[in-house]
Amino acid sequence: MQCPVCLEKAENLTPNTLQGVVVGCKHCGDYRISAVAFHGFMRLEADEKRAALAAARSTATHGWPMIGNAAVPLR
Ligand SMILES: [Zn+2]
């Protein structure tokens, strides 16, 4: 798959049991995008995606940083 943030080649690490997408990217690290936030996230500009990922990373306490609805600005 393609990393939604940096557009480089990335691995799809999503477990079958999980809602949403887990991306394994050499540049961005591993992170999760929740199912509800996914479409909104994909519409963001590149710098907004990077900011959303940085925010998710700063609040992650365990496991993958999670990009949820709160990380996706409403338009
Ligand atoms: Zn990336």
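The values are calculated or read from the model by the stated rules, or taken from the named source; none is laboratory data. Here the structure is a predicted model, which means the values were calculated and not measured. Note: ideal-geometry Cβ built from the backbone for every residue, glycine included; neighbour counts use all protein chains shown. Accessible surface areas use protein heavy atoms only, side chains included; no ligands, DNA or RNA. Shrake-Rupley method; radii C 1.70, N 1.55, O 1.52, S 1.80 Å.
Test Ala55 against the criterion of being farther than 12 Å from Pro4 by Cβ, more than 10 Å from the chain's Cα centre (by Cα) and surrounded by 14 or more Cβ atoms within 10 Å (Cβ to Cβ), and give yes or no. Don't jump to the end; show me each part of the working.
Working: farther than 12 Å from Pro4 by Cβ: yes; more than 10 Å from the chain's Cα centre (by Cα): yes; surrounded by 14 or more Cβ atoms within 10 Å (Cβ to Cβ): yes.
Yes: the conditions hold for Ala55.
Can you say whether Pro15 is at negative phi, within 16 Å of the ligand (Cβ to nearest atom), assigned to a loop (DSSP other than H, G, I, E, B) and open to solvent by less than 90 Å² (accessible area, probe 1.4 Å), as far as the supplied structure shows?
On the way: at negative phi: yes; within 16 Å of the ligand (Cβ to nearest atom): no; assigned to a loop (DSSP other than H, G, I, E, B): yes; open to solvent by less than 90 Å² (accessible area, probe 1.4 Å): yes.
No.
Would a scan of segment 44-56 turn up a residue that is away from the ligand (no atom under 16 Å from the Cβ) and in contact with a Phe, Trp or Tyr (Cβ under 9 Å, 6 or more places away or on another chain)?
Step one: filter segment 44-56 for residues away from the ligand (no atom under 16 Å from the Cβ), giving none.
The answer is no, given that none of the residues of segment 44-56 is away from the ligand (no atom under 16 Å from the Cβ) and in contact with a Phe, Trp or Tyr (Cβ under 9 Å, 6 or more places away or on another chain).
Among the residues of segment 44-69, which ones are of a type in the set (A, V, I, L, M) and free of Cβ contacts under 8 Å to residues at least 12 places away in the same chain?
Kept after step one, since they are of a type in the set (A, V, I, L, M), are these residues of segment 44-69: 44, 46, 51-56, 60, 66-67.
Ala51, Ala54, Ala60, listed by residue number.
Just wondering, is there one or more residues in segment 20-43 that are open to solvent by less than 100 Å² (accessible area, probe 1.4 Å), without any contact (Cβ under 8 Å) to a residue 12 or more places away in the chain and closer than 14 Å to Pro4 by Cα? It would help to see each step written out before you state the result.
Of segment 20-43, the ones open to solvent by less than 100 Å² (accessible area, probe 1.4 Å) are 20-25, 28-35, 37-38, 40-42.
Those left that are additionally without any contact (Cβ under 8 Å) to a residue 12 or more places away in the chain: none.
Taking every residue of segment 20-43 in turn, none turns out to be open to solvent by less than 100 Å² (accessible area, probe 1.4 Å), without any contact (Cβ under 8 Å) to a residue 12 or more places away in the chain and closer than 14 Å to Pro4 by Cα.
Does at least one position in segment 19-35 carry a residue that is in a loop (DSSP other than H, G, I, E, B), more than 10 Å from the ligand (Cβ to nearest atom) and among the small types (Gly, Ala, Ser)? Before you say what the answer is, go through the steps one by one.
As a first pass, look at segment 19-35 and keep what is in a loop (DSSP other than H, G, I, E, B): 19-20, 26-28, 34.
Now restrict to residues that are more than 10 Å from the ligand (Cβ to nearest atom): 19-20, 34.
Filter once more, so that each one left must be among the small types (Gly, Ala, Ser): 20, 34.
Yes, because at least one residue in segment 19-35 is in a loop (DSSP other than H, G, I, E, B), more than 10 Å from the ligand (Cβ to nearest atom) and among the small types (Gly, Ala, Ser).
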